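Data block below; observations after.
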């Protein structure tokens, strides 16, 4: 096994609790400059947007060997699953965690009876290469230097 790749058995997801808020917000803060630049938002607007989404619930905390390393949030919209937020700590990137989590989210979509999963990503976000590699295709471009990507799922995940 590649020494930089994690073993899936060491990755756990769980529902967030109130105490996870600051961890998630701190991870989100790493994206503030990118969001401000691309969406023409103030820092306060970015933080309020995050707070509103966190309060909606459904945030899953990602732990590796018992240590929080990321989070994600999913919403069902119309006939697809939307990845509203997906963050992995920079210290734990390029270790296979993101790939594993995308597969987990795709499985969740299928379990909900959905065959499409979508997300929005800034064009200058390094995560876009992961989505490309995992078979996500650009559905549309937004006005904020981002794209909506989607993947059509098969029931054999």
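In nm, give the distance between the simple-model label positions of residue 79 and residue 51, each being 7 Å from the Cα along the Cα-to-Cβ direction.
It works out to 3.8 nm between the two label points.
Please work out the FRET efficiency for the pair residue 23 and residue 103, using the Cβ-Cβ distance as r and a Förster radius of 22 Å; give the result to the nearest 0.05.
With a Förster radius of 22 Å, E is 0.40.
Report the gain in length on full extension from residue 30 to residue 145: 0.36 nm times residue separation, minus Cα-Cα distance, nm rounded to one decimal.
Here the answer is 39.6 nm.
How far apart, in nanometres, would the label points at residue 129 and residue 10 be if each is projected 7 angstrom from Cα along the Cα-to-Cβ direction?
In this crude label model, residue 129 to residue 10 measures out at 2.3 nm.
Let me have the relative contact order for the chain, percent, based on Cα pairs under 8 Å that are six or more residues apart.
So the answer I get is 20 percent.
Return the calculated 222 nm mean residue ellipticity for the chain, to the nearest 500 deg cm²/dmol, obtained by summing -39500 (n - 2.57) across DSSP H runs with n ≥ 4 and dividing by the residue count.
Calculated from helices alone, the mean residue ellipticity at 222 nm is -9500 deg cm²/dmol.
Once you have the Cα-Cα distance between residue 40 and residue 137, take 0.36 nm times their residue separation minus that, and quote the gain in nm to one decimal.
This chain segment gains 32.4 nm when fully extended.
Would you please calculate the Kirkwood hydrodynamic radius of region 11-102 over all C-alpha pairs and express it in Å, rounded to one decimal?
Values: mean 1/r = 0.0721 Å⁻¹.
The answer is 13.9 Å.
Calculate the translational D of the chain in whole µm² s⁻¹ from Stokes-Einstein, where the hydrodynamic radius comes from the Kirkwood formula applied to all Cα pairs, the temperature is 20 °C and the viscosity 1.002 mPa s.
Answer from the Stokes-Einstein relation: 132 µm²/s.
Quick note: the coordinates plus some simple rules give every number you see, no bench work behind them. This is a predicted model, so every value here is computed, not measured. All Cβ positions, even for glycine, are placed from backbone atoms using ideal geometry, and neighbour counts span all protein chains on display.
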